[in-house]
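First the structure, in the form of structure tokens, and then the observations on it.
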Amino acid sequence: MEIGIVGLPNSGKTTIFNALTRGQAETTAYASGRVEVHTAVVQVPDPRVDMLADLFKPQKVTYAHVTYNDIAGLRAEKGSFSPQLLNLISTNDALLHVVRCFHNPAVPHPLDEVNPARDLQLLEEEFMLSDQAIIEGRLERLVKQKGKGTPQERERMAQEEVVLQRLLAALQEGRPLRAVELTPEEEKLVRSYAFLSQKPQLIVFNIDDEGEDPSEELTPSWPKTMGLALRGRLEMELAQMDPEEAEEFMAMFGIEELGLSRVIRASYELLGLISFFTVGEKEVRAWTIRKGSTALEAAEAIHSDLARGFIRAEVIRWDELLRVGSLSEARKQGLLRLEGKDYVVQDGEIVHIRFNI
Ligand SMILES: Nc1nc2c(ncn2[C@@H]2O[C@H](COP(=O)(O)OP(=O)(O)OP(=O)(O)O)[C@@H](O)[C@H]2O)c(=O)[nH]1
Ligand SMILES: [Mg+2]
């Protein structure tokens with residue numbers, strides 16, 4: 001999973017990036033406006049994996065991971081997307097949109113005063129404008145190509161045109177593309193355009209140490225959109241402390257959970273992702289799949305051979321396994337379910353694939 005961190009200059013993108021990745025990227029009070037990306041891979045903290053590792057004492061423990069890309073260079077001006085910037089943003093699975101709420105006279109705001117509602121709207125409109133330009137360009141070309149190609153090609157282009165017209169209408173009504181419901185077939189027709197306003201968006205309101213949480217009031221009610229508040233600077237400092245020091249600090253400020261965990265959880269929810277586990281003496285490992293994936297798709301996520309030679313999946317919930325203590329005991333007690341290819345894997349299940357190739 002790749003998450004692109006976007007936001008206006010000086011909104012605190014790099015600060016939040018550092019908080020999420022325990023990074024040391026430079027944060028600056030002046031915004032250079034240069035297009036620049038920091039990337040870091042983060043392990044997904046998961047107490048279930050920790051407990052399974054305690055039970056199995058494996059040689060290796062592997063957590064799921066998330067990649068964060070801190071993308072600088074968006075400006076607070078209309079039509080300021082360069083193709084390079086567009087490309088850097090569009091390759092992400094979701095966007096983490098940082099909105100400045102903090103006050104700091106030493107850090108100039110590109111539009112002079114702090115106004116989260118305006119900033120939020122401004123960037124969303126930029127995304128929509130960029131999508132609209134792509135759609136209009138493509139529709140023009142489709143008109144020119146009308147009547148050309150094989151019957152299949154013509155059919156496909158006709159279908160694409162219908163979907164693009166619908167998307168265009170939404171944009172013209174002021175709705176981002178993630179507000180348009182598409183069937184899986186329609187989705188496939190336009191996937192390659194990687195529209196920005198179609199990407200699931202996690203809005204992070206970057207608030208002062210003493211700031212109020214504005215997320216309920218300011219998060220738009222579009223589908224695939226969530227909002228939460230983080231005290232960016234404080235979270236960054238916490239992420240850079242050693243664990244004991246951080247714990248003391250958290251108690252002092254009444255912080256129950258690090259921003260990292262909250263953001264990761266929200267991202268999973270936003271993207272409709274779940275985790276399943278594989279266990280053994282060699283390795284305890286978390287895997288990430290889409291909600292609704294089948295046992296066969298889970299096998300595919302591990303290795304294509306497992307999918308090719310799939311016989312059955314043995315399945316048990318992580319807490320049930322912990323309760324009985326071992327797979328063999330679970331088998332004995334009939335708690336290890338045998339499931340076929342089409343079984344829909346649930347979050348937190350241990351899936352052991354039996355296969356033959
Ligand atoms: N008071 C306060 N200052 C913050 C907070 N978050 C960021 N800052 C400060 O704001 C300035 C800009 O933060 P950055 O994280 O570099 O912002 P950015 O969005 O990455 O900026 P560009 O990459 O230049 O677009 C730095 O001086 C930070 O220390 C916060 O939550 N509270
Ligand atoms: Mg930055």
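Here are the numbers for this structure:
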item	result
So residue 167, is it surrounded by fewer than 17 Cβ atoms within 10 Å (Cβ to Cβ) and over 21 Å from residue 227 (Cβ atoms)	no
Residue check for residue 348: in contact with a Ser or Thr (Cβ under 9 Å, 6 or more places away or on another chain) and among the small types (Gly, Ala, Ser)	yes
Qualifying positions in segment 26-58 - more than 21 Å from the chain's Cα centre (by Cα) and assigned by TED's automatic domain parsing to the domain that holds residue 87	26, 27, 28, 29, 30, 31, 32, 33, 34, 35
Filtered residue count, segment 165-195, keeping only those that are over 24 Å from the mean Cα position of the chain (by Cα) and over 27 Å from residue 219 (Cα atoms)	1
Qualifying residues in segment 19-29 (those that are assigned to a loop (DSSP other than H, G, I, E, B) and either more than 7 Å from ligand 1 (Cβ to nearest atom) or modelled with pLDDT of 90 or more (or both)) - the one surrounded by the most Cβ atoms within 10 Å (Cβ to Cβ)	23
Residue in segment 35-51 that is surrounded by fewer than 21 Cβ atoms within 10 Å (Cβ to Cβ) and near ligand 2 (Cβ under 9 Å from one of its atoms) present	yes
Residue list for segment 77-101, filter: surrounded by fewer than 20 Cβ atoms within 10 Å (Cβ to Cβ), within 13 Å of ligand 1 (Cβ to nearest atom) and part of a loop (DSSP other than H, G, I, E, B)	80
Residue ID - nearest to ligand 2 (Cβ to nearest atom), chosen from residues in segment 63-76 that are in a strand (DSSP E or B) and touching a Ser or Thr at 6+ places or on another chain (Cβ under 9 Å)	72
Hits in segment 1-20 (condition: near ligand 2 (Cβ under 9 Å from one of its atoms) and in contact with a Pro (Cβ under 8 Å, 6 or more places away or on another chain))	9, 10
Residue selected from segment 170-185 under the condition part of a helix (DSSP H, G or I) and modelled with pLDDT of 95 or more, by the criterion surrounded by the fewest Cβ atoms within 10 Å (Cβ to Cβ)	172
Residues within segment 312-345 that are outside any helix (DSSP H, G or I) and either of a type in the set (Ser, Thr, Tyr) or exposed (fewer than 14 other Cβ atoms within 10 Å of the Cβ) (or both), tallied	9
Any hit, segment 55-65, residues being in contact (Cβ under 8 Å) with a residue 24 or more places away in the chain and within 13 Å of ligand 1 (Cβ to nearest atom)	no
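Here's the yes/no breakdown for (1) more than 16 Å from residue 191 (Cα to Cα); (2) surrounded by fewer than 19 Cβ atoms within 10 Å (Cβ to Cβ):
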| residue | (1), (2) |
| --- | --- |
| 131 | no, no |
| 139 | no, yes |
| 144 | yes, yes |
| 152 | yes, yes |
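The values are calculated or read from the model by the stated rules, or taken from the named source; none is laboratory data. Source: prediction; values computed, not measured. Cβ sites come from the backbone with ideal geometry, for glycine too, and all protein chains shown count toward neighbours.
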